[in-house]
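Take a look at the structure set out below.
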């Protein structure tokens, strides 16, 4: 059916899936840290965060990916030379995860920052006035509402990250895009294998939409009833 490339396409699909999942995880973690830093009293921390998000939003993803991939390797080797450590080579998969996480961590930061600002300050102050600890207020008041407010933007970021993994093939990762392109050229059926790649990404995004829809329903339980 796939002209003998079925096993290779499956391998590339699993590689792309692993890349996407790890990138989502680290981008989300970076976004949460960035959102919390945006509320910091340190003006230096806030300006560093502003520079980071401005840089990422102002430079095309492909250019950022090339800059991070090639310059991260140079920076690591320079640090290793200073510390007297042997040469460290970054493989394409690690570079892809770092790059995609770094890029979309900025978008996640803005998503979580907006959601954090949407949580009514009065509820937090009410919790403090009743003697609740900061950690308890975050778990019971801030975090549930933060997730609910962030879900629309978070869902959009997840979809974009999934599709952005296709760019990682330019730095040598043997993913589903790389393999389908090779298969298309070898079998002289580029249209067929491009459709295969498109179907795989459509499957990924559809599964992500279903998962996010389930999470959205879980965190919105009682919201409509309370607003009536």
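FYI, it's all coordinate maths here, none of it is from the lab. Everything numeric here is computed off the predicted structure, so don't read it as measured data. Using ideal geometry, Cβ is built from the backbone for each residue, glycine included, and neighbour counts are taken over all protein chains shown.
Which of the three applies to the chain, rounded, prolate or oblate, going by the alpha-carbon gyration tensor with a ≥ b ≥ c and a/c under 1.5 meaning rounded? Oblate, since a/c reaches 1.5 and b/c is not below a/b.
What FRET efficiency comes out for residue 3 versus residue 163 if R0 is 30 angstrom and r is the Cβ-Cβ distance? Round to the nearest 0.05.
Details: r = 26 Å, r/R0 = 0.85.
So, using R0 = 30 Å, E works out to roughly 0.70.
By its C-alpha gyration tensor, with a ≥ b ≥ c as the square roots of the eigenvalues, how is the stretch 102-209 shaped: rounded for a/c under 1.5, else prolate for a/b larger than b/c, else oblate? Don't skip to the end; give the middle numbers.
Numbers: a/c = 4.81, a/b = 3.65, b/c = 1.32.
Prolate shape, in that a/c is at least 1.5 and a/b is the bigger ratio.
Relative to the first principal axis of the alpha-carbon coordinates of the chain, what is the inclination of helix 43-58, with its axis defined by its Cα atoms, in degrees from 0 to 90 and to the nearest 10? Approximately 40 degrees, to the nearest 10.
Here 67, 82, 36 are placed in order of increasing Cβ neighbour count within 10 Å, fewest first, which gives 82, 67, 36.
Rounded to the nearest 0.05, what FRET efficiency is calculated for residue 77 and residue 117 with R0 set to 35 Å and r the Cβ-Cβ distance?
Numbers: r = 41 Å, r/R0 = 1.17.
My answer for the efficiency is 0.30.
Across the chain, the mean sequence separation of Cα contacts (distance under 8 Å, 6 or more residues apart), normalised by length, yields a relative contact order of 28 percent. The relative contact order of the stretch 125-228 comes to 27 percent, based on Cα pairs under 8 Å that sit 6 or more residues apart.
Mean residue ellipticity at 222 nm from the helices of the chain, using -39,500 (n - 2.57) per DSSP H segment of n ≥ 4 over the full residue count, to the nearest 500 deg cm²/dmol? My calculation for the chain gives -27000 deg cm²/dmol from helical runs alone. Reducing the stretch 144-204 and the stretch 41-87 to their Cα centroids gives an inter-centroid distance of 25 Å. Pull out the extension gain between residue 18 and residue 94, defined as 0.36 nm times the separation in residues minus the alpha carbon to alpha carbon distance; nm, one decimal. Result for the pair: 26.3 nm of gain on full extension. Ranking of 79, 196 by neighbouring Cβ atoms within 10 Å, starting from the fewest: 79, 196.
Please say if the stretch 1-44 is rounded, prolate or oblate, where rounded means a/c under 1.5 for a ≥ b ≥ c the square roots of the C-alpha gyration tensor eigenvalues, and otherwise the choice is prolate for a/b larger than b/c and oblate otherwise? Kindly include the intermediate steps, with their values, before the conclusion.
Numbers: a/c = 7.91, a/b = 6.86, b/c = 1.15.
Prolate.
Entry note, the stretch 56-152: relative contact order of 27 percent, from Cα contacts under 8 Å with a spacing of 6+ residues.
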